[in-house]
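See below for the structure under consideration.
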Amino acid sequence: MPNVYNWQLGRDMGYPYEAEYPKRQFAFVFNTNRCIGCQTCTMACKSTWTFSKGQENMWWANVETKPYGGYPQHWDVKILKLLQQANPDAQTWTPGDASNPRQPYGTFDGKTVFEAAEKMLSPDSARVLGYLPKDEEWINPNIYEDNPSGKTGIKGQYDTSGTSLPEHKTWFFYLARICNHCQYPACVAACPRKAVYKRPEDGIVLVNQQECRGYRKCVEACPYKKTMYRGNTRISEKCVGCYPRVEGSDPESKGLPMETRCMAACIGQIRMQGTVLLNEDGTWAEDRNHPLYYLVHVAKVALPLYPQFGTEPNGYYIPPRWVPRPYLHQMFGPGVDAAIERYMYPDRELLAVLQLFRRSNRIIYRYKMEEGPKVYEGTLRGKPFEMYDDTVIAYGPNGEELFRTKIEEPIYVRPAVHQNSI
Amino acid sequence: MPYNDPEPEDPMALNGVAFEATPDAALEAAYTFAEELARLGQPENSILYLFQSPQYQGPYSAFQALGIDTVTQVIKECCTAIASCRAALRDCHLAPGKDPGCETAAPWRCEGPQSH
Ligand code: SF4
Ligand code: SF4
Ligand code: SF4
């Protein structure tokens, strides 16, 4: 197997193909602290791409309640279990120098889904450790996720009266997911017909519908379970990254790159998507004033989802602040503690960049800050805290200004004469 | 946990199971929600209303665990610090300076009619 460099793991790793990188890479940041689980993103995708016969159980975008839920059910528990079997109690990290962009999370000492496959799978042609979810696991997204706990010790039964339910100090958070358009996609690695490919212009991963014969190798291989099989056409489908919007060929985009449907629809303003510049070795090129580069590589508040799987996912998450740390370390890797600390006590620049989320549907390529007056000086949770009413300006691909916004939240009041006023 | 061996293959395995939180999880959750909503310009009473509504399960469970006094204090602290800027009214049909009669975390500054 050729060796490729995975900066999220801080080391080379085995991958079935030689490394080849796009010019820019589709990437996104989701702020889990803000998600209200409204599923508007889910429906935006559904109503655009998967509303046809045979796609009933297909949700390219989904939001699941962690730790209880998953779509398909238990996807992450199952793949973590397979990796644990392949490499018992050795899926560990060695800390490193966080300021090194080639290994900001240290080094992963365990096995990825590609490396574990060499040990676990036969025949030799099998390239990725994975599993094929059963139909029942796909057909009930969100089922039981938000149900209350039953009586202690009684398995699989709800409390019949509900009059004296036990009180548990529990936790949960909403995890929004789409395809991660990975740098080293497991779906691409697994397809024997080379029907799955990564676009050189933006790194979006697509299934060639003419080439696919429905072997479902990609469905089995994707550790995030974001390729899906369509029974009536007998081929596989997946999130297309809303590529007509991203490339600006959608009529609505008027030639300018636009964020995807699921991003644009987000009620909680948790999502930002763009395309980042890559170096020749696949690491992110320094682009100091790109908002995604800032969140991932400068502020380091946004972390990859299950980096240990080894696909180098391009979805990054600001972890939820209130969730037990061991769970978050497993889900987002070793960067969790620093990310939460930084997010809890944001500086001026971080606050300004957070204001860029969902002010516009245009893809932001660069931002600039203009300093404003100090408007608060005091404490928050016992620590000194200052607020400045800075202005942040977002620019498009050709340097044109997309919008500018201030730290103070603009609120739009519609005149009574608006067409849609009641 | 009510029982010791959740089986991932069992579709009911994680239902009716309580994952225990760290002691300060409810307080941390309350601060997170209050801060995020304050950043969105919501006033104190709207944020408290949300905490009290069972429809918003996250804030509601924090509210149940902490009680009204703690939650009110958390909201106040966050709004004082974060929503200390004035909210700007844009696209407003009222004349600049006129009170629109809305409630926000911070005093209004009406910027007058604007076109988008
Ligand atoms: S998330 Fe899955 S489907 Fe998407 S690119 Fe990665 S491996 Fe392929
Ligand atoms: S990027 Fe587009 S295709 Fe992919 S999940 Fe979002 S809306 Fe669906
Ligand atoms: S639209 Fe946004 S807030 Fe609502 S569920 Fe989706 S990601 Fe969460």
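The values are calculated or read from the model by the stated rules, or taken from the named source; none is laboratory data. Nothing here was measured: the structure is a model prediction, and the numbers come from that model. When we count neighbours, we look across all protein chains shown, and the Cβ atoms used for this are built from the backbone with ideal geometry, even at glycine. Ligands, DNA and RNA are stripped out before the accessible areas are found, and what is left, the full protein with its side chains, is counted by its heavy atoms. Shrake-Rupley method; radii C 1.70, N 1.55, O 1.52, S 1.80 Å.
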Worksheet item: Where a ≥ b ≥ c are the square roots of the eigenvalues of the C-alpha gyration tensor, would you call chain A rounded, which needs a/c under 1.5, or, failing that, prolate if a/b is larger than b/c, or oblate?
Response: rounded
Discussion item. Which of rounded, prolate or oblate describes the range A:325-411 when judged by the alpha-carbon gyration tensor and an a/c cut-off of 1.5?
Written reply: oblate
Item to complete: Calculate what fraction, in whole %, of the accessible area of the range A:3-348 sits on carbon and sulfur atoms when a 1.4 Å probe is rolled over the protein chains.
Response: 51
Response to the item:
Ordered by number, the GluC sites (Glu not before Pro) in the range A:321-371 that occupy a DSSP loop and have at most 12 other Cβ atoms within 10 Å are A:Glu371
Worksheet item: Rounded to the nearest whole Å², what accessible area per residue is found for chain A with the 1.4 Å probe?
Response: 42
Worksheet item: Quick one: ranking B:Ser61, A:Ser99 by accessible area, 1.4 Å probe, largest first, what do you get?
Response: A:Ser99, B:Ser61
Worksheet item: Any idea of the total accessible area buried by the B-A contact, 1.4 Å probe, rounded to 100 Å²?
Response: 5000
Worksheet item: Counting only the heavy atoms of the protein chains, how much of A:Trp322 is accessible to a 1.4 Å probe, in Å² to the nearest 10?
Response: 20
Worksheet item: What average number of partner chain Cβ atoms lie no more than 10 Å from the Cβ of the residues making up B:55-62?
Response: 3
Worksheet, complete the sentence: With DSSP loop assignment and no more than 15 other C-beta atoms within 10 Å, the trypsin sites (Lys or Arg not before Pro) in the range A:1-97 are A:Lys23, A:Lys53
Worksheet, complete the sentence: One would report the antiparallel percent of DSSP beta bridges in chain A, rounded to the nearest 5, as 90
Worksheet entry | trypsin sites (Lys or Arg not before Pro) restricted to the range A:230-271 and DSSP loop, no more than 14 other C-beta within 10 Å | A:Arg234, A:Lys254
Item to complete: Name the helices (complete DSSP H segments) of chain A with a Cα length along the long axis of 15 Å or more and a Kyte-Doolittle mean of at least -1.0, or state none.
Response: A:75-86
Item to complete: For the range A:47-72, list whatever residues lose no less than 50 Å² of accessible surface once every protein chain is in place, relative to that chain by itself, with the probe at 1.4 Å.
Response: A:Tyr68
Response to the item:
For A:Trp93, other-chain or 5+-apart residues with amide H closer than 5 Å (H placed, Pro excluded) are A:Asp109
Worksheet item: Along the range A:384-400, what does the Karplus equation 6.51 cos²θ - 1.76 cosθ + 1.60 (θ = phi - 60°) give for ³J(HN,Hα), rounded to whole Hz, x for Gly and Pro?
Response: x, 9, 10, 10, 10, 8, 7, 10, 10, 10, 9, 10, x, x, 9, x, 7
